[in-house]
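Worksheet: the structure to be examined is printed underneath.
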Amino acid sequence: MTATAEQLIDIHAHFVTPDYVEAARAAGHLLPDGMRGYPTWSAAEHLDLMDSTGIRTSMLSISSPGTHFGDDRAAGELSRRVNEFAADVLREHPGRFGHFASLPLPDVDGALAEAVHALDVLGSNGVSVETNHDGAYLGDPRFDPLWRELDGRGAVVFVHPTSPPCHEAVSLGKPRPMLEFLFDSTRAVSDLLFNGVLRRYPRIQWVITHGGGALPLLADRMELFRTVFGVGSADGPTVQAELRGLWFDMAGSPFPHQVPVLTTTFGYDRLLYGSDYCWTPAAGAVAQIASIDAAEQPEGGTWHALTTRNAARLLPELAAGN
């Protein structure tokens, strides 16, 4: 990073704890989402990466497979432990980290209680949900009480992909983050849209990862099915107009192809930077930033400045690095 480059706000960064990994393995997630195993994480190593790459603040969250492994009570207790761990990290390193709280979905009552605790007591910056929870996608009516609460708060909801139902049949033995995560993000957003959640709860700030998956390529096709085949509501805004109200991060492989398609489809003003560290190793995060810096920059600025400015609009408490 050059001395004059804008420091980044990393909207998509992860952490794990030994307690979390132990619980996930005990539940049978030995090779999470088909990956070889779990990464390790420490605040010191994360800060080293941030300092070497010009990342001012990283928003921490638990990645897939989430915190619910079949038992509501255990999921609530695990969610509380990882959220309190993250809150301690934020207190120890003011200005360097933020946090999207884990929720024990599909237990809606437990998720409501944990969201209120995380936002009101722990000071979390928002909440994190997965694209589906035990096969229930985010447009499922059972989740409405949670969305109603979060809409009343104008909360940030970070939507992280996970393995889809029946992934054994469709992933063809490959790690699900390679392809299935992107398809599941697309599926989850289409469910939010066509079930009217985006319209009923307009104050929720939805963050969709990995450049929106296949959404930039499929928005026109979704609009065709809305207008010609009667999928969803025939009234109101177009599919593309509704999707322009979402936020998108550039975790993964944003250049040379994905971000230009994303910004052509949905514009620049809700694009955010994301590293996906620690599930993406430090060397991969460094290489990704190098690709961003080597890409053609947006008119009148840089990807660093653009994404940091957008992140400060989404999370005003980070605007001054507080």
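Dividing the summed helix terms, -39500 (n - 2.57) for each DSSP H run of n ≥ 4, by the number of residues in the chain produces a 222 nm estimate of -12500 deg cm²/dmol to the nearest 500. Relative to the current alpha-carbon distance between residue 299 and residue 319, full extension at 0.36 nm per residue lengthens the span by 5.0 nm.
Per-residue packing, averaged as other Cβ atoms within 10 Å, sorts the ranges 14-22, 121-129 into the order 121-129, 14-22, beginning with the highest. Within the stretch 8-314, antiparallel bridges make up roughly 10 percent of the DSSP beta bridges whose residues both belong there. Between 29, 167, 141, the Cα set farthest toward the positive side of the dipole of the chain (charges on each charged residue's Cβ, about the Cα centre) is that of 141. Compared with the direct C-alpha span, the chain from residue 134 to residue 179 gains 14.3 nm at full extension, assuming 0.36 nm per residue. The stretch 189-239 and the stretch 243-286 have Cα centres lying 19 Å from one another.
I need to check one value: relative contact order of the stretch 1-132, counting alpha carbon pairs closer than 8 Å and at least 6 residues apart, in percent. Intermediate results must be reported in sequence, preceding the final value.
Numbers: 185 pairs, mean separation 32.2, N = 132.
Relative contact order for the stretch 1-132 comes out at 24 percent.
Just want the answer: with Cβ charges of +1 for Lys and Arg and -1 for Asp and Glu, which residue in 257, 158, 267 is farthest toward the dipole's positive end in the stretch 8-314? Ranked along the dipole, the leading option is 267.
Quick one: compute the contact order of the chain, relative version, from alpha carbon pairs under 8 angstrom and 6+ residues apart, as a percent. Don't skip to the end; give the middle numbers.
On the way: 547 pairs, mean separation 63.0, N = 322.
Over the chain, the number comes to 20 percent.
Projecting label points 7 angstrom from Cα along Cα→Cβ for residue 167 and residue 148 puts them 3.2 nm apart.
Each of 198, 58, 286 was scored by the projection of its Cα onto the charge dipole of the chain, and the greatest displacement toward the positive side belongs to 198; charges sit on the C-beta of Lys, Arg, Asp and Glu. For the chain, the dipole from Cβ point charges (+1 on Lys and Arg, -1 on Asp and Glu) about the Cα centre works out to 460 debye, to the nearest 20.
Ordered by packing density, taken as the mean number of other Cβ atoms within 10 Å over each peptide's residues, highest first, how do 49-57, 173-181, 303-311 rank? List each step's numbers first, then the result.
On the way: 49-57: 19.0, 173-181: 17.0, 303-311: 21.7.
Packing order, densest peptide first, comes out as 303-311, 49-57, 173-181.
Read-outs: derived from the displayed coordinates by stated rules, not from any lab. Computed from a predicted structure; not experimentally measured. Counting neighbours? That spans all protein chains shown, and the Cβs are built from the backbone with ideal geometry, glycine included.
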